[in-house]
Each structure stands twice: as C-alpha cells, then as structure tokens.
Amino acid sequence: MGSNPAAPIEVHDLTVAYRKKPVLWDIDFELPEGRLIGLVGPNGAGKSTLIKAIMGLMPLLSGYVRVYGQPLEDRRELVGYVPQRESVDWDFPVDALDVVTMGRYGRMGLFTRPSKEDYEIAMACLDKVGMADYAKRQISQLSGGQQQRVFLARALTQDASIYLMDEPFAGVDAATEKAIIELLKELKSKQKTVLVVHHDLNTAEEYFDWLMLLNMRLVKFGETRDVFTQENLRMTYGGKLHLLSEAAEKVARQ
Amino acid sequence: MSEFWDLTIRFFSLADANVRWVVAGSILLGATAGALGSFAYLQRRSLLGDALAHSALPGVGLAFLLVGEKDFMALLIGAAIAGWLGALAVNAITRHSKLKQDAALGIVLTVFFGLGVVVLTHIQKTGAGSQAGLDSFLFGQAAALGERDVILLSIVAVVLLSMVALGFRSFTLLSFDPGFARSIGLPVRVLQFVLTTMIVLAVTIGLQAVGVVLIAALLITPAAAARQWTDKLSTMVILAALFGALSGLLGGWVSFLAPRMPTGPWVVVVISVVFAVSILFAPKRGVISRLRRHLRNRGKVAQEHILKAMFKSGYPERDWSGYQHVSDIDSMWSFSFREMARGLRRLEKRGLLERSDGSYRLTEDGVVEGARVIRRHRLWELYLTRYLELPGDHVHRDADDIEHILTPEMEAQLEELLEHPEYDPHHQEIPRIGREASQ
Amino acid sequence: MSPDLWVLITGILAAVSCGVIGSFLVLRQNAMLGDAISHSVLPGLVLAFLITASRDVLPMVIGAAVFGVATAYLTELLDRTRHVYRDGALGIVFTLLFAVGVILIAIYADQIDLDQDCVLYGEIAYTPWDVAVIGGQSYGPRAVWILGGVLIANVVFILTFYKQLKICSFDPAMARAVGINERFWHYALMTMVSLTVVAAFESVGAILVVAMLIVPGATAYLLTDRLSVMLVLSAVAGVISAVGGFYAANWLDASIAGSMAVVAGVLLAGVLIGVVIGRRLAARKAVAAAAAAMGITRM
C-alpha cells in the first residue's frame, strides 16, 4: 500500500485491544479529501473505538495514524472531534456558549483567558447550528438535539480541515437532523473531510459519498455506490465474524 | 454561660493575636478546600480527597520519626508526599486491573492508613518523644495551630487559590470533557496531575485543623451545597469557598471555646447544616421549591380538567350559559373533591368561571380557554397517530399529560404540521372557538 | 490458651467475616459504601452505650444496623434528588454521621468507655482480657464469641441467599427482570455489613474493619471471575493478612490492626503485579492470535 502523504488521514495496520480482547484488527485506510464518509457497522463493531484511536484517546497495540502525512500530535489543530453526546455530564454547571468556546482552548495558552474574538467565533458557530438564542442557557436545559448541536458548534470553532463525529445523529429530533445534514453539506462544499459514525443503514446511502463498513476489521471502504451492496452489508452484519472473534479469543486463552 | 460569651466575644473581636492566626488559617483553609473540592466533586472524584487524607498519615508519622520533633513544615512535606503516592496508587490500580475506582480508593485508604497507624504506634511504643501533638492529626485541633504554622498554611492556601483562578478554564474543560480536551491537544495528564497535587496540598494543610478522618467533608460538602444555588461554575467555586471558609471559622471558634474538643467534627457539622439548607431551600434545585412547583403544576392540571369538562358539556349545543352545580362538575371528572373545589376557586379568581349559589358556568374567556385545552389534546392525539403511527386507542392518556405543557408556539407548529385539521383520530371535532375570534 | 493465640483468632475471625461479606461490596462497586458504613455506625454505637449504660451486644447491634442502613438510605435519597452526585452524597452522609459520633464521645467522654483513637485503631491486643463471664464461669474472650457469631451469620446468610446475591451483584437488571427485588437485597446486604462492622469495630477498630471489607475481596476479585471461588479466596486472603499482620506487629512492636491492614495491602499489591505481568503476556499472544485468525478468514 503506497502511502500518499497528502491523505487527510492515513491509518496503517491499526490494532486496538480492550483489556485482553482485541476490538479492532489490522485496520488500513486513507481518507479521501473533501468527502463525507459514513462509518457503518453493527453494535460492538468498534466504530467509536476507531474514532477514539484516531484521535489518540486509546492506546494502540500496533499501527499508526498520520494526518496529512504527519503524526497526529503535530497536526491536532487540523482535526475537529465531536464525541458522543452521552460521554459527558450534561448537568455540569456551564452554559452553551461556555461549551462552544472550549473548542478554542487548544489555540490559547493554558492560563490565558478567551479573547473577545474567541467569543465572537463561538457565537457565530452557535448561530450556524441555529442555537444562537440558547447561548446563555445552562446545558442541562437543552434538549438532546440541542446538546448535539452545541457539540457540533464546538468542533466548528476549531476551523479544522478534518472532522470526526461520533454518532451525531443518535437520538436527535428532526430539526437537528436537518441542521446536521445542512452542516455536513456546507463542510463538504468547503473541501473539508468528514468521517461520521452512523448507525442507521436506511439513511447512510443518502447522506454519505463514501462508506466505511466496519466490523472489528475493515470490511469495505469506498464510494457509496460501490460499497452499499447487499453482499457487503451481509458480510458486515452477518454472523461470520463471531467465529472470528471466538477463534481469536480461544487462541489468546491458550 | 458568661464564660461562653466572654470567649465568643474574644474570638470574634479578633483581639487576641493567637485568635487572629487561627481565624485566618481556618478561613483560608476552608476556602481553598471548598474551591478545589468543586472540581473534584464535578469529576465525581469526591471520595478521592478522603483516600488522599488517610494516606497522608504514614507521611506524618515518618516525618516525625525522621525529624524527631513536631515540626509543622516537615510533617506537611511528609503528608504531601504520602498523599501524593496514594493518588498514584489509586491511578495505578484502576489503570492496570479490573478493579474500579471505588475499590481502588478503599484499598489505598485503608492500607496507607494502616501503615500510618503502624508508624504512629511504633513511635508511641518506642517512646520516641511526646506524641500528644500527633494525635491531633486524626480529628484536628485548630487551637493547636501556632503562628508559624498558620503562616505556612496561608502561603500554601493563597498559592493554591491563585492557581485555581489561573487555571480555571483548563480545569473546567478537564472536568467537563477530558476526551475532547485531549483531542485539542491539552496536556490532560499533566493538568490532572496538577489538580490532584493541589488537592493533596489542600488536604495536607487541613490535617492539623480538621484532621485526617474528616477533611474529606471540607472538599465534598461545600461543593455539593454550592452547586444547588447556581448553574455557573465560577459562582459555584466562589460559593463553595465561602461555605468552606464559614465552616472553618466556626470550627475554629469551637476549638477556641473548648480547646480539648476535636475541631474536625464541628467543622463537618457546620458545613453539613449549610448543605442541608442548600438542598432544601435553594431556588430552582431545592427540594422545597421543586415541591412547590410540583403542587402548582398539579393545581394547573386540575383547573384545566375542570375547564375541559365544562367546555365539553356545553359543546354539542354551543351553549355555555347554563350554570352547573358543584356536584355535577364533580361527577364529570375523577379528581378529589378538595382539589376540584380549590380549582374552581382559582378559576373564578382568574375570571374564567362565574359563580351563582354553588353553581358555576364558564365566562367567555373560560370558553376560549376550555376550547384551547381540548384543541391541544386532540391535536396531539392526531399528531401521535399520524407521525408515530400509534393506534387511536393508545394516544388518549399521553395526550392527557401533554395538553398541559404544550406552549402556544408548539401548538402553532402542530397546526401547521397537521395542516389545520378539523377532526381528531376519534372523529371528534377540533374546536377553534376563540381562535377565529382572535384572528 | 495463650493470650497471643486469642488475639490471632480474633484477627482471623474479623478478617474472614469482613472478607466474605466485603467481596459483595467489591463486586457491586460499593466498596466505599463499606468504608462509609464502617464510619457512620459510630453514633449508633455511642447512643447504644449512652442509653443502656452497658456494653450489651444487642443494643449495639441494633444501633449499628439502624445507622448502617440509614447511611445507605440517605445516600440513595440524595442521589435520587438528581442534584447531588452519588459519590459526593456518600461522602456527605458518612462524614456527618461519623462527626456526630466523635462529638458525642468527646462530650460524654467520662460516661463512655471508648475513646476517639480506639475507635480507629481498635485494641485488638486487649481482647483476651475482656472475657465473657456467664454465671461466674469464664468462657474465653467476648470478641471471639461475637465475631464467631457474626462469621456464622454471614456464612449462613450467603449460603442461604447465594442465588439472589449472585444475580443482584452480577446483573441487577437481569435480577429485576426475573422478579428479584434488587433493592431489598441491597439493603439486606448493607444490614449484614453493618452487623459485621459493629462486631469487629469495638474489638479491632474501624481501620481493620474497612481494610478487611475491601482488600481481601479485591485481591480475590483479581484472581477469579467466579463468585464461589472469589468468596473462598477472600477468606484465604483474610487469614493470610491476619496471621502475617500479627507477626509483623510483634516484630515491629506496632499496632496489630494496622499491621494486618498493611499485610493485606502487600498481598494485594503482589497479586496485582502478577496479574498485570500475566496480562501483558496474554495481550501479546492475543495480537498473534488475531493475526492468525485474520489469516484464516480473510478471503
């Protein structure tokens, strides 16, 4: 596999284990620039783990991740991350604007205060997801969809080239779903590369240019019209892989 | 009794130099613990402070063994190192085994404390000096703080408070979303390490005044109390510091009144009272205000049910001019008579009902309001059947709850979405009385 | 029998009875609740002393059980307001109750034959001289009888309700689904913890009680996934800690209870290091296994 230094994200031979159990095996891919890419697979396939591993939030057993040919640590400012909504405590005493401004923290010193410009950028991003009116609302008083939009706005403040989103569509209302789709289109028009963990096969074909089918290993990755076939989906969602993990576990136990 | 007042006046007038030191020390200590505790509390690491405090004990004992006298500075350093090793041990256990945080805390707490007890009893039995001073580290003795101790304590406290102010933003993000913090390149490990070290130091300076066993309360309780009053983290931290300072002050007072009395427990009792007041009476989050909101809401529901019932009874003829007796109204709906009577009185006051010897009828406004309640109920039923494809017999109960909380904006949205329907799923008309009139 | 032997027996009985019941605390991720209960039974004990002016077992047990269950209940109550985090709630409740206990002791110091330090360290070394005397006849140390009774009660409790305790510990949702009242068993367990704590409290002190509730159970949990094995291993770890601690204390001329806690900790550290090394090796194997499996199934 010839490595193309221009690829927004290159993942090479990535293996991740949780405790004794490997959850991702030998993952290899390069994300194409300026595409909306859906990451699809059954529960427990390791979709979130893959995102976290790319973001350096998980120890890797083997393999590496490159961002435009460089190690992630040198290029963090180019990658925006939207974690799962359930990953934080929404009763935390901050308001929506505070959360969105956090997206700017990576650019300031540890001890400097956000500038007026930072707040303006945060407000503009809140506005972009239709949440400007809720800026001063405590986050527990937002609906699930509104909370998701706050998370998206936070990532937008980073003005990154690549966005990794972990289940942004999970449990959101119709208005938020529409807002996210609009946002994705806008990002694409600006030549941003977006990888989205998605759990709904019905809409995956419609929303994304490219699809990555994952079930502990990379099953298929390519343009949606090539990848989205019955055969491929059966391979991703079918029971065959149970055998794979069972076999591996058995060997590990010996 | 007069001695009590004498001492109290002497304490609060700050006439004594000694008292001034104890007061300053207690207040600064309380404030520092309260402020730092806010972050520990929000990270759900409240009990970490407890484990750290207990694990400081062997440090105190070993410092005493090495230095050979009760030197506050040496004891502080010993306690800080031991407490900090305890924190490392907690991290190591949770990272490298399937044991969870609670077990790790319990293990470190008891084993380190056991080690501390071993060291202390060893000192005691080998008679390596008077250890009367060491005992006060268990339950605290604020009055035993000397001038030099307080100066040292104050320096540490001021440094810690300034660090909280300086790193406030970073600690906030660290506590709220450490994953994201790492993703944008914040040195999460370092920050967490700094925060933990700061907590260790806060615990350490509190050992003399509050004691190993109960210092945890000074980290947890002010934070939990402060959280009830505000949704803003900066306000919360300041409030927690104030609550902590208050309890420190009152603890110092008790210690002044009865020097042999352990201070720690009194500090804890004071701060617990502050917490109890907060959880009961705080606006918005307090138990009492939530109870009142709940009752008010129930009253509103009862009133709307009365309106609905009376509106329905006059709807077939579009005639609401007849009066209805209380007992008839009572038979229309299944709520308690007292609740209904209260609802009738309130509705009359609001000008939605008119009364004439024990009988009631809707006013014009009442008719409009009754129509509104029914309209919302039926719109919601229709929405559920159409958009969630629920069968018609499943939607009534749900609509009964929703009709009371739909806002006019949501109603307008529903109307638009359903294209101004005329009938609900049960083929009952959706009344628009008052709507036409107002349009 | 020599006094030393009695001390050793007391320590072993305390360690084993705490260890088996504490295993459930570790499993249910409630270890700190055990710590909290060990502190918050203090006012119950003091009140029992004050009211009955004696050291009879029954009032003490009742006082402790009331305050032990109250700790669990108050924590849950605060948790249910959804405005206080659960671990914070626990910290608030137990520090307050313990503080009240210490204040009571300080105020009624002359009427209570307990001092603040003794509450923490315990005076296990003195247990042989506090003998149970019935009708003028001496029947050996009181502590041995009380702790022996508690051990038997714990074992009977666990054996009788093994099935319920097991399912509630491993899978509370499943327990509710099959109609087992999970909350009831939670409180039943907390009652047993309180009884165990109070029995051990007076003779060996809070510190050893908490250590033995948590550390042997945790050690056993590292070694096995099976509840029955875990219970046996926790008892074994308890015995090793008690015996090792006893001799360590003699050697160091220090607190016996403290030494037992330290030995329990050393034992756990040893097991933990062993497990970590074992897992490192296993993980390496797993990668190889994964590679092998990929080879088999890759088309």
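What follows draws every value from the coordinates through simple rules; no lab data is involved. Just so you know, these numbers come straight off a predicted model, no measurement behind them. Cβ sites come from the backbone with ideal geometry, for glycine too, and all protein chains shown count toward neighbours.
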* To do: Among B:HIS305, A:HIS12, B:HIS325, rank each residue by its count of other Cβ atoms within 10 Å, from fewest to most, as a rough exposure measure.
  => B:HIS325, A:HIS12, B:HIS305
* Structure fact -> Burial-style ranking of B:167-176, A:43-52, average other-beta-carbon count within 10 Å with highest first, yields B:167-176, A:43-52
* Asked: Using the alpha-carbon centroid of each, what span in Å lies between region A:211-236 and region C:154-180?
  -> 43
* **At R0 = 35 Å, FRET efficiency that the Cβ-Cβ distance of B:ALA276 and B:ALA165 yields, to 0.05** => 0.75
* **Distance between modelled label sites at C:ILE107 and B:ILE151, nm, 7 Å Cα→Cβ extension** => 3.9
* Calculate, in nm to one decimal, what B:LEU418 and B:ILE77 gain on full extension: separation in residues at 0.36 nm each, minus their alpha carbon distance. => 115.6 nm
* Structure fact -> Across the alpha-carbon set of chain C, Rg over Rh with Rh taken as the Kirkwood radius works out to 1.04
* To do: Add +1 for every Lys or Arg and -1 for every Asp or Glu among the other residues with Cβ under 10 Å from the Cβ of A:SER143, and state the total.
  => 0
* If you place +1 on the Cβ of every Lys and Arg, -1 on the Cβ of every Asp and Glu, and leave all else neutral, what size is the dipole of region B:2-282 about its Cα centre, to the nearest 20 Debye? -> 840
* Asked: Scanning chain B for helices, which whole DSSP H stretches are 30 Å or more long along the axis (Cα) and average 0.5 or more by Kyte-Doolittle?
  -> B:17-42, B:72-96, B:101-126, B:188-210, B:233-257
* Partner chain Cβ atoms within 10 Å, averaged over the residues of C:256-267 - can you pull that number for me? => 6
* Pop out the ³J(HN,Hα) list for region A:224-235 in order, Karplus 6.51 cos²θ - 1.76 cosθ + 1.60 with θ = phi - 60°, rounded to Hz; leave Gly and Pro as x. => 3, 5, 7, 8, 7, 10, 3, 4, 5, 5, 5, 5
* Asked: On a 0 to 90 degree scale, rounded to 10, what angle separates helix A:144-156 from the longest Cα axis of chain A?
  -> 90
* **Calculated [θ] (222 nm, deg cm²/dmol) that DSSP helices of n ≥ 4 give over chain B, each run adding -39,500 (n - 2.57)** => -24500 deg cm²/dmol
* Which of the aspartates and glutamates could be linked to A:LYS21 by a straight reach, that is with a Cα gap under 18 Å, when you skip same-chain ones fewer than 8 residues away? -> A:ASP13, A:GLU246, A:GLU249, C:ASP225
* Could you name the lysines in cross-link range of C:LYS163, using Cα to Cα under 26 Å and dropping any fewer than eight places away on the same chain? -> B:LYS98, B:LYS100
* Structure fact -> In Å, the C-alpha Rg and Dmax of region C:1-42 are 13.4, 40
* Asked: Using the count of nearby Cβ atoms within 10 Å as a rough guide to exposure, how do A:ASP127, B:ASP177, B:ASP330, C:ASP87 rank from fewest to most?
  -> A:ASP127, B:ASP330, B:ASP177, C:ASP87
* **Other protein chain Cβ atoms within 10 Å, averaged over every residue that makes up B:284-291** => 2
* When C:PHE246, A:PHE29, B:PHE243 are ordered from fewest to most other Cβ atoms inside 10 Å of their Cβ, what list results? -> A:PHE29, C:PHE246, B:PHE243
* Compute the FRET efficiency between C:VAL229 and A:LEU60 as 1/(1 + (r/R0)^6), taking r as their Cβ-Cβ distance and R0 = 22 Å, and round to the nearest 0.05. => 0.05
* Rounded, prolate or oblate (a/c below 1.5 giving rounded, otherwise prolate when a/b exceeds b/c) for region B:2-282 by Cα gyration tensor -> oblate
* Say each of A:SER143 and C:ALA282 gets a label point 7 Å from the Cα, pointing the same way as Cα to Cβ; how far apart are those two points in nm? -> 4.6
* To do: Label region B:286-439 by shape, choosing from rounded, prolate and oblate, from the square roots a ≥ b ≥ c of the eigenvalues of the Cα gyration tensor; if a/c is under 1.5 it is rounded, and otherwise prolate applies when a/b is larger than b/c, oblate when it is not.
  => oblate
* What residues qualify as long-range amide H neighbours of A:ILE9, i.e. H under 5 Å apart, gap of 5 or more or another chain, H built at 1.01 Å from N? -> A:LEU31, A:TYR68
* Relative to the present Cα-Cα distance, how much length would full extension add between C:LYS163 and C:GLN137 at 0.36 nm per residue of separation? -> 5.2 nm
* Whole-number Å³ per residue for the convex hull built on Cα positions in the protein assembly as shown -> 229
* To do: Treating cross-link reach as a plain straight distance, find the lysines whose alpha-carbon is under 24 Å from the alpha-carbon of A:LYS116, omitting any fewer than eight places away in the same chain.
  => A:LYS128, A:LYS136, B:LYS232
* Asked: Averaged over C:208-216, how many beta carbons belonging to a partner chain fall within 10 Å of each residue's beta carbon?
  -> 4
* **At least 20 Å along the helix axis (C-alpha) and Kyte average at least -0.5, DSSP helices within chain C** => C:3-27, C:57-80, C:86-107, C:142-160, C:182-204, C:206-223, C:227-252, C:256-297
* **Burial ranking of peptide ranges B:291-300, B:138-147, C:152-161, C:68-77 (average Cβ count within 10 Å, highest at the top)** => B:138-147, C:68-77, C:152-161, B:291-300
